[in-house]
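**Q** Here it is, the structure in full.
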Amino acid sequence: MEKPEAQNIIQLKAGTVREYINEPWSPAEATDFIREMAAHIEMSLAFKRHAKEQMDARSIVMGDILYVLKNGFVYDDPLMAKLSGYFRYATECVSPNSGSRKIRLIVIPDYKNCTIKLITVMWVDEQETRAGTITEEDK
């Protein structure tokens, strides 16, 4: 088995070493990378004000957010973030506090710095979140 090129090997803050795949990631790759980052002891989570407002409006707590990051699935291809080189991913799953409702998070991961920026939070079954521009390109 060949060794990956040196520029594709990265080390997270606390020592995790793995082959890095440049973004954009496929849904399966994004699921794995986001879960790995979320489980990392030195993961940093940043919030947009909008995400905190949506959490409050929906009674979604931090434990739900962390659970979705650690256990959620990315089903769709990413969209470009406003900052060049970064991508928005939608990860979702049912959390222990959500009853039978799925929570969807829109996140921008920065694997090299083990940071996840939370853009917004929503219930998957809410109609008003499907028609907006959160998960679709602005038209």
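The values are calculated or read from the model by the stated rules, or taken from the named source; none is laboratory data. These figures come from a predicted structure and were not determined experimentally. In this analysis, Cβ positions are derived from the backbone assuming ideal geometry, glycine residues included, and neighbour counts consider all displayed protein chains.
**Q** If residue 27 satisfies every condition in (1) over 20 Å from residue 94 (Cβ atoms); (2) at pLDDT 95 or above but one, which is the exception?
**A** The failed condition is (1).
**Q** It is to be established whether one or more residues within the range 48-64 are buried (at least 19 other Cβ atoms within 10 Å of the Cβ) and under 20 Å from residue 23 (Cα atoms).
**A** Within the range 48-64, none of the residues are buried (at least 19 other Cβ atoms within 10 Å of the Cβ) and under 20 Å from residue 23 (Cα atoms).
**Q** Among the numbered conditions (1) closer than 24 Å to residue 126 by Cα; (2) at pLDDT below 95; (3) buried (at least 16 other Cβ atoms within 10 Å of the Cβ), tell me where residue 37 comes up short.
**A** For residue 37, the exception is condition (1).
**Q** Here is a further query. If we keep just the residues of the range 39-88 that are polar (S, T, N, Q) and within 16 Å of residue 101 (Cβ to Cβ), which is nearest to the chain's Cα centre (by Cα)?
**A** 71
**Q** Could I ask something else about it? Quick one: how many residues across the range 104-138 are under 21 Å from residue 77 (Cβ atoms), at pLDDT below 70 and either part of a loop (DSSP other than H, G, I, E, B) or not polar (S, T, N, Q) (or both)?
**A** Adding up the residues that qualify gives 9.
**Q** Continuing with the same structure: Got at least one residue in the range 91-101 being touching a helix residue (DSSP H, G or I) at 6+ places or on another chain (Cβ under 8 Å), more than 21 Å from residue 36 (Cα to Cα) and either among the charged types (D, E, K, R) or not in a strand (DSSP E or B) (or both)?
**A** Yes, that holds for at least one residue.
**Q** Within the range 62-87, which residues are out of contact with any Ser or Thr (no Cβ under 8 Å at 6 or more places or on another chain) and not in a helix (DSSP H, G or I)?
**A** Within the range 62-87, 75, 78, 80, 81, 82, 83, 84, 85, 86, 87 qualify.
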